[in-house]
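To start, the structure under review is shown below, and the notes come after it.
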Amino acid sequence: MKNFYIIVNKNKDNNRLVLDQVLTGLEKRGCTYRVSEGEFQRGKRFTSVSDVPENTECVITLGGDGTLIRAARDLAETKIPIIGINLGTLGYLTEMSRDGNVEELLDALTLDHYQIQDRMMLRGRIYHGGELLADDIALNDIVMTREGDLRVLKFKIYVDRQFLYEYSADGVLVSTPTGSTAYNLSAGGPIAQPDGELLILTPICPHTLTSRTIVLGAESKVTIEISPNNEQRQVAAFDGDTQIMMEPGDHIEIERSERITRVVRLDHRSFLDILKHKMYDA
């Protein structure tokens, strides 16, 4: 790799210091680059496809998991591999921590000592009165939850058009394997190997003793219908970023997206070793 596009989250501490190290290292290796700097704003893009040079071979993000996820959604159609340098706290997706060795990372990239993992993404389409209201993608998860008062919500769940269950809960989420260590984990869902292919359906604080997470095949289509009896609006959140307001009676269809995120991996440890380090040693 010799041509890079660098996305910098200006909200993160030390972003300028790490950026200078990356740029100096790339120049020393005879690489070309373009830098995009921005502040994280919910629902707004960090960058656009039109800003990325055609010869770009790799996107480097400087921020945290959220920065990498935002870049993955913004640039999904390009299929350009992405690698993250973590400037935040706990990072499951970023490849290098804030105290990591930038020179070693750049050596691995420029000498082609890396692996690329394809990560599945989700597509969610929201309907209001039978009309398409919104259509978006997510790398981690799509979450349905309340907007406003703390009241239990009712959701009807269908899988491949077959009725599955009706949840009374604070919300419900559909996660990819990549997102299994995010909100899904906090909600009591299982951890999946990130390059796997499946859907994880997890209720959030269900008002029952029997509701459990359900793991579905990657080709399944999940439909979540908001009960018309709910007295308040709900929010559909794509990767905790883009939020779409939904009314009682609306529904969302969630399935595997045709788009993927290509993640650069330098660490040859197993997923379980990395998971142990992140969860217990961080």
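The values are calculated or read from the model by the stated rules, or taken from the named source; none is laboratory data. This one's a predicted model, so the numbers in the text were calculated from it and none came from an experiment. Positions of Cβ are backbone-derived with ideal geometry, glycine not excepted, and every protein chain shown enters the neighbour counts.
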Out of (1) more than 27 Å from residue 64 (Cα to Cα); (2) without any contact (Cβ under 8 Å) to a residue 12 or more places away in the chain, the one residue 170 does not meet is (2)
Residues in segment 144-159 that are in contact with an Asp or Glu (Cβ under 9 Å, 6 or more places away or on another chain) and touching a residue at least 40 places away in the same chain (Cβ under 8 Å) total 11
Is it the case that residue 108 is assigned to a helix (DSSP H, G or I) and out of contact with any Cys (no Cβ under 9 Å at 6 or more places or on another chain)?
yes
If you scan segment 129-168, which residues turn out to be buried (at least 16 other Cβ atoms within 10 Å of the Cβ), modelled with pLDDT of 90 or more and among the aliphatic types (A, V, I, L, M)?
133, 134, 137, 138, 139, 142, 143, 144, 157, 159
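To keep it simple, each residue is scored yes or no on (1) under 21 Å from residue 208 (Cβ atoms); (2) in a helix (DSSP H, G or I); (3) touching a Cys at 6+ places or on another chain (Cβ under 6 Å).
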site	(1), (2), (3)
145	yes, no, no
150	yes, no, no
155	yes, no, no
158	yes, no, no
166	yes, no, no
179	no, yes, no
184	yes, yes, no
Residues located in segment 1-56, provided they are at pLDDT below 85, surrounded by fewer than 18 Cβ atoms within 10 Å (Cβ to Cβ) and either polar (S, T, N, Q) or not assigned by TED's automatic domain parsing to the domain that holds residue 73 (or both)
11, 14, 41, 48
Matching residues in segment 226-243 (buried (at least 19 other Cβ atoms within 10 Å of the Cβ) and part of a strand (DSSP E or B)) number 6
Positions within segment 188-234 being touching a helix residue (DSSP H, G or I) at 6+ places or on another chain (Cβ under 7 Å) and not hydroxyl-bearing (Ser, Thr, Tyr), in sequence order
189, 190, 191, 192, 193, 194, 200
Could you grab the pairs with beta carbons closer than 8 Å, sequence gap of 6+ or different chains, first residue in segment 192-205 and touching a residue at least 24 places away in the same chain (Cβ under 8 Å) and in a loop (DSSP other than H, G, I, E, B), second one acidic (Asp, Glu) and surrounded by fewer than 23 Cβ atoms within 10 Å (Cβ to Cβ)?
195/118; 205/170
